[in-house]
1. Given H placed on each backbone N at 1.01 Å, which residues far from H81 in sequence or on other chains put an amide H within less than 5 Å of it?
2. Among A119, V69, V38, which residue has its Cα positioned farthest towards the positive end of the charge dipole of the chain, with +1 placed on the Cβ of Lys and Arg, -1 on the Cβ of Asp and Glu, and the dipole taken about the Cα centre?
3. Based on the Kirkwood radius over alpha-carbon pairs, what value in µm²/s does the Stokes-Einstein equation return for the translational diffusion coefficient of the range 5-135 at 37 °C and 0.692 mPa s?
4. Quick one: work out the % antiparallel among DSSP beta bridges in the chain, nearest 5.
5. So how tilted is helix 90-99 from the main axis of the chain? Cα-based, degrees 0 to 90, rounded to 10.
6. Multiply the residue gap between L8 and R110 by 0.36 nm, knock off their C-alpha separation, and tell me the result in nm, one decimal place.
7. Between K137 and D17, what is 0.36 nm times their sequence separation minus the Cα-Cα distance? Round to one decimal in nm.
8. Non-local amide H neighbours of H122 (under 5 Å, H modeled in plane, Pro and chain starts lacking H): which ones?
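FYI, it's all coordinate maths here, none of it is from the lab. Model, not experiment: these values are computed from the prediction. FYI the Cβ positions are ideal-geometry reconstructions off the backbone, even for glycines, and counts take in every protein chain you see.
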Amino acid sequence: MSEGVTGLSHVGVAVRDLDAAERAYRALGARLEGRERVESEGITVSFVVLGGVRIELLEPLDPEAQGGVARFLRERGGGVHHLALEADDLGGALGALASEGIKPIGGGARPGAEGRQVAFLHPRDTGGVLIELCEVKR
């Protein structure tokens, strides 16, 4: 693994209706951890845990917005949006990636859910998967 990257944090799933998605995951046996608005990304997120796996349900604040999750839903419909990896040293991980020519979308880290700094790597650099790097919660 890259410097500072320690493993899977969560799987992000884009949804049109957060209430309905939460009900479905609870019916599967998931435990709801809570909701949060992430203004910087234009979304409301809900974390659910099922069998030790964290799933981040993502609903756009404005379905007509031009960026991020809203555009993903319009173009592809609901489904897996990203894989999130934990990074003990987000700056170190981004530095190691930059030395390989891989730069984060938007140029660097930014505020994400749960008060953590995050950075996204473009799918063209990661085999077709949007990857979010999340600083480890302290």
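1. For H81, whose amide H was placed from the backbone, the distant partners under 5 Å are G12, V13, A14.
2. V69
3. Numbers: Rh = 15.1 Å.
Calculated translational D: 217 µm²/s.
4. Numbers: 30 of 39 bridges.
Of the beta bridges lying entirely in the chain, close to 75 percent run antiparallel.
5. 60 degrees
6. Values: separation 102, 0.36 × 102 = 36.72 nm, distance 1.91 nm.
The span from L8 to R110 would gain 34.8 nm if fully extended.
7. Numbers: separation 120, 0.36 × 120 = 43.20 nm, distance 2.76 nm.
Residue separation times 0.36 nm, minus the Cα-Cα distance, leaves 40.4 nm.
8. Placed amide hydrogens put I105 under 5 Å from H122.
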